[in-house]
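The values are calculated or read from the model by the stated rules, or taken from the named source; none is laboratory data. What you see is a predicted model, and the numbers here were worked out from it, not measured in a lab. Ideal geometry is used to build each Cβ from the backbone, glycine not excepted, and the neighbour counts take in all protein chains shown. Protein only, heavy atoms only, side chains kept; ligands, DNA and RNA dropped before computing areas. Shrake-Rupley method; radii C 1.70, N 1.55, O 1.52, S 1.80 Å.
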Amino acid sequence: QLETVQAEQTQLMQELSGANTRLNEINKELLDANEELQVSNEELVLAHEELQATIEEFETTNEELQATNEELETSNEELQATNEELETTNDELRARSSELQEATHMLESERKRLSEMIELAPFSILMLRGPRLLVEAFTPRYTPPVDARAVQNRPLDEVFDHFWQDGAPVVRLVHEVYQQNAMRTTSRMPTRVMKDGVPVERYVVYTLVPSHDATGRVSGVLLYAVDETERLVKEAEEERARLRMIFDNTHAAGLALYDANTTALIMGSPRYLDMVARARGKDRSELPGSLWYELLPDASSEEAIEIWKTVIESRMPLHRPEVHINLAGDEPETVWNWTLTPVMRKEEQDTVQYLMVSAVEITEQTRVRQQGEQLNLLKDEFISLASHELRTPLTSIHGNAELLHRKLQRQVKASQRGEGHQPTDGLLSSEQDVQAVERIIRQANRLNRLIEEMMDVTRIQGEVLELKNLEGVNLVEVIRRVVDSYAATERAISMETTSEAFVGNWDESRLEQVWHNLISNALKYSPSSTTVKVSLEQQPNEVVVMVKDEGHGMSEEEHAHIFDRFYRLSRDEKSSVEGLGLGLYIAHEIIARYGGRMWVESKPGEGSTFFVSLPLEKTDE
């Protein structure tokens, strides 16, 4: 029994231990549940607070709903009144709808009648509607046959090729008219249309007018097209008739008109036809219709075709100054001044329609010019020969005069010292002889300068003028030397320079010749009481020398000839001024050979200023 009791006690202890364990677990679960209950309690508190806030919101909302209900009741009353008004308006709309239906019916009738009017119009019309420019109506004979179903109510951009072979310019102009709300009228535009299966070129003038709706907004474009081909043909015939009348009555010059496409002669003046007929050995009646290369009297067919192509491609007149034509038989050669002028189409300014030939006979003028050139050649030869022939006796005269001058001076000095015991009248006679010999020397020197100028002209004409260039020539020193040489004349000459050295490779003697010429001219052609001003100024890559006087000045006409050979001023004072009119010509040529320039600025009564520019960097010639 004890063992049984112990066994039961042991079992009870085990059961008690398991119960204790379960109790601990239940206790732990209770603790966890307590914590959860606490959390739930806190959540319930928060939920209670939120519920209270919600209740308060509901109360506020209830109050708002009550106010809204009152407003709805008021609105209901207003809606009832509005409903009554709508019923009244509905009755009015029914009446207006009936009126609009009638107006729509009338509008459709008017639109149909307008379409019929457009279709029956004596000129071409195209009606376009809306911003997409939908084709609404058009004249059936507007262009080549057009299927109305293919273009009706379709944008012009999609169907314009049904109306024109090249309608892009017209379509672009239609858009401009719609966008700018401005009417446009074109010049004559070439348009190709099909007639009996053959493309025919017509000339059409388009007028584009924007259409407007009741509010004044642009609603479409009306395009009117007037075919002026017949009018253009008539104008061309009238123009050709006027040209023919002009050609037939022009006897001084030869005029001819050729077709630019076929090169055929359309018409010609009697002088032109006579000249070509005599040169080609044909009858005048055979010439109209002949081709250009068959009639050009001074060139082969290939040359004539090349001349024609040059004028057509350049679209510029071609001038042939001297055309020598050998006439048939024993008739003398004639010389003509030819001009070939392209005549453009009025509608297409870049297309040549005709080529007009104008020929003026200059046989006599050419002969006179050749004679003048021959005379100039003879004159140059004479000047060259005379210069050489005069140089030898002049040298002898000048040398003997110098010897005689020195001998007479010695005699005068001896007489003054009392060595010769000459009477007083003999002394005066010796002094007069000395003065006479001095005058001979001065005139001989003048004649020598003239001969030297004539020889320089001969050298220039023969392209043999020699320039003996030296390195390091200072232009300032050369000009100052020339200015100092005029000190004995007691004339006032001032000199200014921006630098004391303008150095280059030049011929000193030739440059002195240039400055002597300019300064002496300034002294000759200005009053003795005035001052001649010489100045040097450096410019980019050149030096500019200015010689200014206060003389009578020159006119514009004299400016153009002042550097010509043998030219002298036309005023009366020239009779008292020495020279042949060669100095400025020679000076100009010398400066030109150095790559420089010489020019003059002058006005009547304001004096003259001569300018000379010389490059500062100049290689030896």
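Can you pull out the residues in the range 127-151 that are in contact with a strand residue (DSSP E or B) (Cβ under 9 Å, 6 or more places away or on another chain), open to solvent by 70 Å² or more (accessible area, probe 1.4 Å) and at pLDDT below 80?
Residues of the range 127-151 in contact with a strand residue (DSSP E or B) (Cβ under 9 Å, 6 or more places away or on another chain): 127-139, 141-146, 148, 151.
Remaining after also requiring open to solvent by 70 Å² or more (accessible area, probe 1.4 Å): 129, 131-132, 141, 145.
Hits for the range 127-151 are Arg141, Pro145.
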- In the range 521-570, how many residues are over 28 Å from Ser499 (Cα atoms), among the basic types (Lys, Arg) and open to solvent by 70 Å² or more (accessible area, probe 1.4 Å)? 2
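Would you point out the residue of the range 295-313, among those that are out of contact with any Leu (no Cβ under 8 Å at 6 or more places or on another chain) and touching a residue at least 12 places away in the same chain (Cβ under 8 Å), that is most open to solvent (accessible area, probe 1.4 Å)? I'd like the intermediate steps shown before the answer.
Narrowing the range 295-313 to residues out of contact with any Leu (no Cβ under 8 Å at 6 or more places or on another chain): 296-302, 305-306, 309, 313.
Going one step further and asking which of them are touching a residue at least 12 places away in the same chain (Cβ under 8 Å), we end up with 297-298, 305.
Values: Pro297: 32, Asp298: 48, Ile305: 72 Å².
Ranking the candidates gives Ile305 first.
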- Any residue in the range 274-283 that is in a helix (DSSP H, G or I), closer than 16 Å to Leu340 by Cα and open to solvent by 60 Å² or more (accessible area, probe 1.4 Å)? no
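Let me confirm something: among Ser535, Ser526, Ser520, which residue is out of contact with any Ser or Thr (no Cβ under 9 Å at 6 or more places or on another chain) and either in a helix (DSSP H, G or I) or modelled with pLDDT of 85 or more (or both)? Spell out the reasoning first.
Numbers: Ser535 fails: out of contact with any Ser or Thr (no Cβ under 9 Å at 6 or more places or on another chain); Ser526 fails: out of contact with any Ser or Thr (no Cβ under 9 Å at 6 or more places or on another chain).
Going through Ser535, Ser526, Ser520 in turn, just one is out of contact with any Ser or Thr (no Cβ under 9 Å at 6 or more places or on another chain) and either in a helix (DSSP H, G or I) or modelled with pLDDT of 85 or more (or both): Ser520.
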- Message: Being over 17 Å from Val543 (Cβ atoms) and modelled with pLDDT of 80 or more: is that true of Asp484 here?
- Response: yes
- Query: Cβ-Cβ below 6 Å, separation at least six or inter-chain, first residue in the range 203-214 and acidic (Asp, Glu), second loosely packed, with under 14 Cβ neighbours inside 10 Å and in a strand (DSSP E or B): which pairs?
  - Reply: none
- Quick one: count up the residues across the range 466-480 that are open to solvent by less than 50 Å² (accessible area, probe 1.4 Å) and closer than 23 Å to Thr531 by Cβ. 4
- Members of the range 481-498 found to be more than 14 Å from Met546 (Cα to Cα) and loosely packed, with under 11 Cβ neighbours inside 10 Å, listed by number: Ala487, Ala488, Glu490
- Item | Filtered residues of the range 567-615 (kept if at pLDDT below 85, closer than 23 Å to Arg510 by Cα, part of a loop (DSSP other than H, G, I, E, B) and not small (Gly, Ala, Ser)) | Tyr567, Arg568, Val577, Glu578, Leu580, Leu582
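Taking Glu3, is it open to solvent by 100 Å² or more (accessible area, probe 1.4 Å) and at pLDDT below 90?
Details: open to solvent by 100 Å² or more (accessible area, probe 1.4 Å): yes; at pLDDT below 90: yes.
So Glu3 passes the test.
Every residue, every condition in (1) assigned to a helix (DSSP H, G or I); (2) at pLDDT 85 or above; (3) surrounded by 12 or more Cβ atoms within 10 Å (Cβ to Cβ), yes or no:
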site	(1), (2), (3)
Ala67	yes, yes, no
Thr74	yes, yes, no
Leu86	yes, yes, yes
Ala95	yes, yes, no
Arg113	yes, no, no
Trp164	no, no, yes
- Item | Filter pass, His388 being within 25 Å of Gln443 (Cβ to Cβ), modelled with pLDDT under 65 and surrounded by 12 or more Cβ atoms within 10 Å (Cβ to Cβ) | yes
- The number of residues in the range 499-515 that are surrounded by 13 or more Cβ atoms within 10 Å (Cβ to Cβ) and either among the β-branched types (Val, Ile, Thr) or part of a helix (DSSP H, G or I) (or both) is 8
- Just to be sure, is Leu428 modelled with pLDDT under 90, assigned to a helix (DSSP H, G or I), over 24 Å from Trp599 (Cα atoms) and of a type outside the set (Phe, Trp, Tyr)? yes
- the range 537-566 - residue that is more than 34 Å from the chain's Cα centre (by Cα) and of a type in the set (Gly, Ala, Ser) and, of those, farthest from Pro604 (Cα to Cα): Gly551
